[in-house]
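**Student:** The structure under discussion is supplied below as structure tokens; questions concerning it will follow.
What follows draws every value from the coordinates through simple rules; no lab data is involved. Bear in mind that the values here come from a model prediction, so they are computed numbers and not experimental data. Every residue, glycine as well, gets a Cβ built from its backbone with ideal geometry; the counts of neighbours run over all protein chains shown.
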Amino acid sequence: MLKIFLIVMPLIIFLEWAKSQRWFGRFIDATNPIFRPIGFRPQALFPLLIGILFGIAYGAGVLIPQSRSGDLDAKQVFLIAAFLGLCHAIIEDTFLFVALGANGLVIIVTRFLVALGAVYGLSKLGWPKTDAPVTLEAEKHS
């Protein structure tokens, strides 16, 4: 428990700090050429990168309000979710597995390449076949 606390707590503090820094915006701009050919639009990169670095919960915490505001269409939300299903919390998970004796570089590279390939394939297949705005089930019934 102490190892988990010592890894997770600094990440939470770092995330809050990173939001207020210009370098994180530059990081998003620098990763755009990697993710653009896969089908990600620039506005999808913030929740994607947060999810990759810190986990699905953090990524979803950014993704949900951004999709509700209309910044992301259903296809972008789907591609982010597919990518994060394969490659999320890459820092936290890797540190935890390295603490158990695993090779961190192998974990990071493998997860990232598998996610890139899978989402590239989904995107090129044209799936999902919509650029419609995101509507949540709860919003449809209210």
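**Student:** What are the ³J(HN,Hα) couplings of the stretch 105-120, residue after residue, when phi is run through the Karplus curve with 6.51, -1.76, 1.60 and θ = phi - 60°? Round to Hz, x for glycine and proline.
**Tutor:** 5, 4, 4, 5, 5, 4, 4, 5, 5, 5, 5, 4, x, 5, 6, 4
**Student:** Mind giving me the FRET efficiency for ASP29 and VAL109? R0 is 25 Å, r the Cβ-Cβ distance, nearest 0.05 is fine.
**Tutor:** 0.60
**Student:** Taking H as built 1.01 Å from N, whose amide H comes closer than 5 Å to the amide H of GLY55, not counting residues under 5 places away?
**Tutor:** The answer is ALA89, ILE90.
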